[in-house]
């Protein structure tokens, strides 16, 4: 480690706005990563201090992590509407779009969304097939999902999704209703 990546206990205390003793205790408990010099002085990893500072700011509400939302929709006009409404809403969201179920599956693997909003009727791989494939992945099995569909409310696929605890919204979509559903699901994430 070079000296730019290591700081003294007193420097860490100043950065974290805590006492020197608190820093020493955090080092002993493993909260901060540190080493002792041959002379017995602690050198603390700057990255460890920065991570703790970030964590404290998030918990205090100074920084809020963006919730990742993936929208899978084959209709280009509908995707534009999603983008337009998401840009207007004061929600702390990082938005990604996919055009079909295959792209959606790839995006779930690379983007790791907190919330998936998907259409059901899409070419090649429909929404139900995509959801079933996602549920088989251990790391994505608990992904929160909102389905937006033009299918009849009583269609077998729709009732089956609802029985799995998936929110199903009907087209034409009320973006205000979608916003409220996103807020309730994102608040569980952030």
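No lab work stands behind these numbers, since they all come straight from the coordinates. Computed from a predicted structure; not experimentally measured. Every residue, glycine among them, receives a Cβ derived from its backbone with ideal geometry; neighbour counts consider all protein chains shown.
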How far is helix 101-111 tilted off the main Cα axis of the chain, in degrees rounded to 10, range 0 to 90? 10
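Starting from the eigenvalues of the Cα gyration tensor, five times each then square-rooted, give me the equivalent ellipsoid semi-axes of the chain, largest first, whole Å. It would help to have the intermediate numbers written out before the result.
On the way: eigenvalues 426, 57, 41 Å².
Result for the chain: semi-axes of 46, 17, 14 Å.
Which three numbers, in whole Å and largest first, are the semi-axes of the equivalent ellipsoid of segment 75-168 derived from its Cα gyration tensor as √(5λ)?
Values: eigenvalues 80, 56, 37 Å².
Result for segment 75-168: semi-axes of 20, 17, 14 Å.
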What is the distance, in nm, between label points placed 7 Å from the Cα along the Cα-to-Cβ direction at residue 174 and at residue 133? 3.3
What distance in nm separates the two pseudo spin-label positions at residue 91 and residue 142, each 7 Å out from Cα along the beta-carbon direction? 2.1
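Report relative contact order for the chain in percent, whole number only (criteria: Cα-Cα under 8 Å, sequence separation at least 6).
On the way: 247 pairs, mean separation 29.3, N = 190.
Rounded, it is 15 percent for the chain.
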Output the 0 to 90 degree angle, nearest 10, between the alpha-carbon long axis of helix 76-88 and the longest principal axis computed from the alpha carbons of the chain. 40
Quick check: the angle from helix 46-60's long axis to the longest principal axis of the chain, C-alpha only, nearest 10 degrees? 50
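Would you calculate a helix-derived [θ] at 222 nm for the chain, using -39,500 (n - 2.57) for each DSSP H run of n ≥ 4 and dividing by the full residue count, to the nearest 500?
Values: 8 runs with 90 residues, N = 190.
Helix-only estimate at 222 nm: -14500 deg cm²/dmol.
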Only Cα pairs within less than 10 Å get springs; with that Gaussian network setup on the chain, which residue of 79, 21, 162 has the largest fluctuation? 21
Roughly how many whole Å is it from the C-alpha centroid of segment 10-89 to that of segment 145-182? 35
